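Take a look at the structure set out below.
The values are calculated or read from the model by the stated rules, or taken from the named source; none is laboratory data. From a predicted model like this one, the values you see are computed outputs, not experimental measurements. We place every Cβ from the backbone using ideal geometry, glycine too, and count neighbours over all the protein chains shown. Each accessible area value is taken on the protein alone, full model and side chains, heavy atoms only, with ligands, DNA and RNA left out. Shrake-Rupley method; radii C 1.70, N 1.55, O 1.52, S 1.80 Å.
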Amino acid sequence: MAITKLNSLAIPANTVVAADLSYPLTSFSSTGIDDNATSTAITIDSSENVSVSPSGGVITLGQHGQITSKQSLDVATAGGRYIGSSNRGIVGQIRIEQTATGADGGYVEIDTCATGSTSPTKRLRVDTDGLKIGNDTAAANALDDYEEGTFTPTITSGVNSISYGNRSGHYTKVGNLVFLDFYIYYSGTGSGAQYIVSGLPYAQKNVNYCRGGGTSTYQNYGGKVVTFYGNQGTSYFFCYKDGSTSFTSSGSVGHYLIGTFTYQTD
Amino acid sequence: MSLEEKTEEDKIEVVGEFKHVQVRTATIILKDGKEISRSFHRRVIDPGADTSSESAEVKGICAAVHTETVVNAYKAHLEANKPGE
């Protein structure tokens with residue numbers, strides 16, 4: 001073999017000079033991930049536990065990166081946990097686990113430790129029912145919806161030939177509770193019939209004696225607060241004055257009816 | 001830069017014993033084709049209500065669920081739940 005290039009020790013390249021090795025390689029070090037690596041950002045111990053300790057404290061995944069935690073056993077706790085700890089022990093954890101043994105579906109739970117404790121306590125759980133607070137397991141108590149928007153309040157009884165100067169309605173729905181804030185300025189001729197306001201954004205819950213309610217916050221009929229009384233299983237409410245007296249008007253009217261109304265929906 | 005506004009009935013629900021049809025209309029603002037805003041307006045269509053101004057989809061749903069039986073049941077319900085009762 002012709003020698004074409006010598007290294008600093010004058011040994012030809014690709015030449016083995018001596019071999020006296022035994023396993024493990026106690027005098028060997030590398031910058032890779034192994035027992036003898038000098039780079040310790042990622043280490044694997046003899047129990048195959050992987051420790052990741054980047055000097056900057058940040059682990060970055062590439063684009064579309066994901067971490068999958070998988071427990072091959074089909075048990076209720078299958079899934080994974082992220083546990084936050086200090087040198088004193090656990091401070092909290094996030095559990096992403098299977099809902100039940102042998103079932104698809106899962107939940108996310110956030111647990112934290114009380115002051116002086118290293119035993120995590122459930123604070124929040126998100127599952128198919130919605131968001132549950134504390135130890136609550138009742139589906140009915142889960143927060144499953146929040147929405148804001150507008151609706152068009154419409155007087156469908158009490159005024160003939162009605163025309164609207166301004167009218168607007170805003171709603172906020174939290175769970176099954178709907179809060180309305182509305183403004184109506186209109187002209188027309190009072191029919192003498194009880195006022196009914198329609199156009200609610202959600203149908204009212206159809207449960208006996210579930211009525212909802214509200215009051216006017218401004219009106220110019222003179223002296224009387226108008227109260228609003230819902231009707232189960234409908235999308236409107238009735239207007240009253242003095243408790244149980246139907247709110248009516250007669251003659252030409254050009255009035256404000258402004259107020260709030262709160263009710264339950266399904 | 002182009003701004004575009006469009007509306008769509010993004011949620012149509014049939015709820016309850018009387019098959020109220022809840023319609024949510026979304027107003028969507030697009031900037032260069034990308035959505036930057038979405039707001040909602042809602043209304044409820046009661047059994048037997050006039051649907052002539054509704055979209056074809058809503059008309060079709062109302063026609064399917066607001067049967068004569070449902071409309072009559074709703075009328076009876078209103079009669080039975082007059083104010084103060």
Just give me the residues in segment A:235-264 being part of a strand (DSSP E or B), more than 39 Å from the chain's Cα centre (by Cα) and of a type in the set (A, V, I, L, M, F, W, C), in sequence order.
A:VAL253
In segment A:194-208, which residue that is of a type in the set (Ser, Thr, Tyr) and either within 10 Å of another protein chain (Cβ to nearest Cβ) or part of a strand (DSSP E or B) (or both) is surrounded by the most Cβ atoms within 10 Å (Cβ to Cβ)?
A:TYR202
Among the residues of segment A:150-165, is any under 17 Å from A:THR265 (Cα atoms), assigned to a strand (DSSP E or B) and either within 14 Å of another protein chain (Cβ to nearest Cβ) or among the basic types (Lys, Arg) (or both)?
yes
It is to be established whether one or more residues within segment A:176-186 are without any contact (Cβ under 8 Å) to a residue 60 or more places away in the chain and over 25 Å from B:ARG24 (Cβ atoms).
no
Check A:LYS132, A:LYS122 and return the single one that is closer than 16 Å to A:GLY175 by Cα and among the basic types (Lys, Arg).
A:LYS132
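Yes/no matrix, rows are residues, columns are (1) outside any loop (DSSP other than H, G, I, E, B); (2) within 20 Å of the chain's Cα centre (by Cα); (3) among the β-branched types (Val, Ile, Thr):
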residue: A:GLN63; (1), (2), (3): no, no, no
residue: A:GLN66; (1), (2), (3): no, no, no
residue: A:ILE90; (1), (2), (3): yes, no, yes
residue: A:ILE110; (1), (2), (3): yes, yes, yes
residue: A:VAL126; (1), (2), (3): yes, yes, yes
residue: A:LYS132; (1), (2), (3): yes, yes, no
Flagged pairs (Cβ under 6 angstrom, 6 or more apart or on separate chains; first in segment A:222-239, within 11 Å of chain B (Cβ to nearest Cβ) and within 13 Å of A:THR262 (Cα to Cα); second open to solvent by less than 10 Å² (accessible area, probe 1.4 Å) and part of a loop (DSSP other than H, G, I, E, B)) are A:GLY230/A:GLN204; A:GLN232/A:GLN204; A:SER235/A:LEU200; A:SER235/A:ALA203
Evaluate the following for A:THR101: is it free of Cβ contacts under 8 Å to residues at least 60 places away in the same chain, among the β-branched types (Val, Ile, Thr) and more than 30 Å from B:THR27 (Cα to Cα)?
yes
Quick check on segment A:209-234: of everything there that is open to solvent by 40 Å² or more (accessible area, probe 1.4 Å) and part of a loop (DSSP other than H, G, I, E, B), which residue is nearest to A:TYR183 (Cα to Cα)?
A:ASN220
Tell me which of these A:ALA140 doesn't satisfy, since it passes every other one: (1) within 16 Å of A:GLY175 (Cβ to Cβ); (2) in contact with a strand residue (DSSP E or B) (Cβ under 8 Å, 6 or more places away or on another chain); (3) not in a strand (DSSP E or B).
(2)
Taking the criterion of being free of Cβ contacts under 8 Å to residues at least 40 places away in the same chain, more than 14 Å from chain B (Cβ to nearest Cβ), of a type in the set (Ser, Thr, Tyr) and loosely packed, with under 15 Cβ neighbours inside 10 Å, would at least one residue in segment A:128-149 satisfy it?
yes
Looking only at segment B:27-53, filter to residues that are open to solvent by less than 30 Å² (accessible area, probe 1.4 Å) and more than 9 Å from chain A (Cβ to nearest Cβ); which one of those is nearest to A:GLY233 (Cα to Cα)?
B:PRO47
Filtered residue count, segment A:240-266, keeping only those that are open to solvent by 60 Å² or more (accessible area, probe 1.4 Å), at pLDDT 85 or above and away from every other protein chain (no Cβ under 14 Å):
1
Close pairs from segment B:41-68: first polar (S, T, N, Q), partner not in a strand (DSSP E or B), Cβ under 9 Å, at least 6 apart:
B:THR51/B:VAL58; B:THR51/B:LYS59; B:THR51/B:CYS62; B:THR51/B:ALA63; B:THR51/B:HIS66; B:SER52/B:LYS59; B:THR67/B:LYS19; B:THR67/B:PRO47
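Looking at this structure, is B:LYS6 out of contact with any His (no Cβ under 9 Å at 6 or more places or on another chain), under 20 Å from A:GLY149 (Cα atoms), away from chain A (no Cβ under 13 Å) and modelled with pLDDT of 95 or more? Step through it out loud before you land on a result.
Working: out of contact with any His (no Cβ under 9 Å at 6 or more places or on another chain): yes; under 20 Å from A:GLY149 (Cα atoms): yes; away from chain A (no Cβ under 13 Å): yes; modelled with pLDDT of 95 or more: yes.
Yes; evaluated as a whole, the condition is true for this residue.
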